[in-house]
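The values are calculated or read from the model by the stated rules, or taken from the named source; none is laboratory data. Small disclaimer: the values here were computed from a predicted structure and weren't measured. As a convention, Cβ positions derive from the backbone with ideal geometry for all residues, glycine included, and neighbour counts pool all protein chains shown. SASA here: full protein model, heavy atoms, side chains in, ligands and nucleic acids out. Shrake-Rupley method; radii C 1.70, N 1.55, O 1.52, S 1.80 Å.
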Amino acid sequence: MGRRYDPERRQRIVDAAIRVVGAKGIAGLSHRSVAAEADVPLGSTTYHFATLDDLLVAALRQANEAFAPVLDPGADLAEALARLLGDLLSADRARAELEYELYLAALRRPALRPVAAEWGEAVSEALRERVDPVTARALVAVMDGIGLQALLTGAEYDEAYAREILGRVLRG
């Protein structure tokens with residue numbers, strides 16, 4: 001019997017990897033766990049992704065693409081960024097936790113570092129339409145810090161606090 005054509009298989013494997021990491025953390029990710037979650041043969045995961053790092057790169061890239069900031073050019077920037085961060089953290093907290101886990105995995109997995117950097121660069125680039133490059137990087141760092149603190153402490157996101165801190169960065 002010949003190989004069955006399945007153009008969606010690679011995407012199903014990436015989606016399954018994201019679900020596995022969401023449920024079990026990166027430590028629970030294996031080709032076998034992803035194959036079971038995607039309902040594909042084990043060989044399919046290794047065919048499309050030779051290593052777990054290859055699979056994590058694809059998952060992180062997909063998470064990056066899901067977060068594309070769109071800012072109204074006339075809006076108060078601190079307010080818009082605070083609202084954007086609030087939307088990210090409030091709309092689907094489990095998804096935000098998953099994205100941060102993938103992002104932070106780059107600390108121990110060098111293959112993920114370029115993809116993790118892409119996210120910060122994409123947000124900085126969007127911000128450079130409104131501010132200088134140094135301020136854009138500072139805003140990304142502050143948003144990362146506030147988001148990570150909210151997720152780690154389990155605290156409810158405080159949009160007024162975020163708006164104030166972002167405003168301070170913008171005022172220099």
Query - Solvent-accessible area per residue for the stretch 41-172 (1.4 angstrom probe, square angstrom) - result: 54 Å²
**Report entry** Surrounding net charge for THR45, when Lys and Arg each add one and Asp and Glu each subtract one, Cβ distance under 11 Å
**Finding:** +2
Report summary line: Rounded to the nearest 500, the 222 nm mean residue ellipticity computed for the chain from DSSP H runs (n ≥ 4, each -39500 (n - 2.57)) alone is -22500 deg cm²/dmol
Report summary line: The relative contact order of the stretch 1-151, taking Cα pairs under 8 Å that sit 6 or more residues apart, comes to a percentage of 22 percent
Report summary line: Read-out Rg and Dmax of the Cα atoms in Å, candidates (1) 19.7, 73; (2) 18.2, 67; (3) 21.9, 73; calculated match is (2)
Query raised in the report: What's the angle, to the nearest 10 degrees (0 to 90), between helix 113-127's Cα axis and the longest principal axis of the chain?
Result: 40 degrees
Query - Most mobile listed residue (ALA38, ALA160, ALA122) in the chain, GNM with C-alpha springs under 10 Å - result: ALA160
